[in-house]
Amino acid sequence: MNRLLGITTTALLLVLVPLQVASAAKLYRWVDESGQVHYGYTVPPAYVKQGSDELSNRGRTVSSTPRAKTQEEIAEEKRIAAEKKRLAAKEAERKHKQDIYDSILVRTYGSAKEIEMVRDRNLEAIDASIITSEGRIEKLSGDLGNRKKEAATQERRGKAISATMRDGIAMVQSQIAENRAFIENKRVERAQLVEKYAKAMERFLQLRPTR
C-alpha cells in the first residue's frame, strides 16, 4: 500500500512540476519578416531586434519591447532634435530682441501722438532733401543744355570740340545722375520710414492701448 502511494505521489509530481514551470515561464509573441505571428518562451536571436510582446498566462500583453531603430532612423531623430533646438534658440533670440525693442519704444515715446510727430518731422526732412536735389537737377540740366549748344556751335563752325568742353559736359551729366540716384534712395528711405513708424505705432498701442 505504501509502495503504491509512493508511486502515485511521484507520478503526480512528474505531472505538476512541468505545469508549474510552464506557468512560471514568460511567454513571448513576435512577428517574422513575412508577417507571421509566433509564440514561444524565448524570442529567437534573429528576431530580438524586431520587437516582441511579453504575455500573461491568459494571453494578455504584459509589456512590449519595441523594434530596434535603424541607423537611418537614429540619424533622423538626431536631425529633428537638432532642428528643434535651432528653432528654439532662434525664437529665444527673436523674443529677446523684441523685449529690447519694446523697452526702448515705451521709454522713447509717451504717446502715439509723439510717434506721429517724430515720423512727420523725419518725412519732412526727406521731402526737403528731395526737393533740393530736384532743383539741382533742373539747374544742371539747363547748364548741360547750354554746354551742348556751345559744342554744337563749335562743330557747325568746323572746329573740334575741346577736351575741356567734353569733360565739362561729362561732369554735368555725372552730377545729374548722382542727384537722380540720391532722389531714388531718398524715396526708398521714405517708404521704409513710413513702414517703420507704422509698425512702431501698432506695437506701441499694443503695449500702451490707452495712449
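Values in this text are rule-based calculations from the coordinates and carry no lab data. Since we're looking at a predicted model, the values are computed, not measured. Note that we place each Cβ from the backbone using ideal geometry, even for glycine, and neighbour counts take in every protein chain shown.
Things to note:
- Relative pair counts by distance (%), Cα atoms of the stretch 22-68, 5 Å bins: 5, 23, 35, 22, 11, 3, 0
- Taking the helices alone, the chain has a mean residue ellipticity at 222 nm of -26500 deg cm²/dmol, built from -39,500 (n - 2.57) per DSSP H run of at least 4 residues and averaged over all its residues.
- Shown here for the stretch 127-184: trypsin sites (Lys or Arg not before Pro) in loop regions (DSSP other than H, G, I, E, B) with at most 14 other Cβ atoms within 10 Å, namely Arg157, Lys159.
- Rounded to the nearest 10 degrees, the angle from helix 71-108 to the longest Cα principal axis of the chain is 40 degrees.
- For the stretch 111-207, the Kirkwood estimate of hydrodynamic radius, built from reciprocal distances between every pair of different alpha carbons, is 16.4 Å.
- Note on Ser64/Lys90: beta-carbon distance plugged into 1/(1 + (r/R0)^6) with R0 of 30 Å gives a FRET efficiency of 0.20.
- Helix 112-156 axis, angle to the chain major axis (alpha carbon atoms, nearest 10°): 50 degrees
- Each Lys and Arg Cβ is given +1 and each Asp and Glu Cβ -1; about its Cα centre, the chain then shows a dipole of about 220 debye.
- Cβ-defined net charge surrounding Leu87, 12 Å radius [Lys, Arg +1; Asp, Glu -1]: +2
- Links that overshoot a 24 Å alpha carbon limit, given the list Lys49/Lys84; Lys90/Lys199; Lys113/Lys199; Lys139/Lys159; Lys148/Lys186; Lys90/Lys186: Lys49/Lys84; Lys139/Lys159; Lys148/Lys186; Lys90/Lys186
- Square roots of 5 times each gyration tensor eigenvalue, C-alpha, the chain, largest first, Å: 95, 30, 10
- Angle in degrees between helix 2-24 and the longest Cα principal axis of the chain, rounded to the nearest 10: 10 degrees
- When Rg and the Kirkwood Rh are both derived from Cα coordinates, the Rg/Rh ratio for the stretch 69-108 amounts to 1.41.
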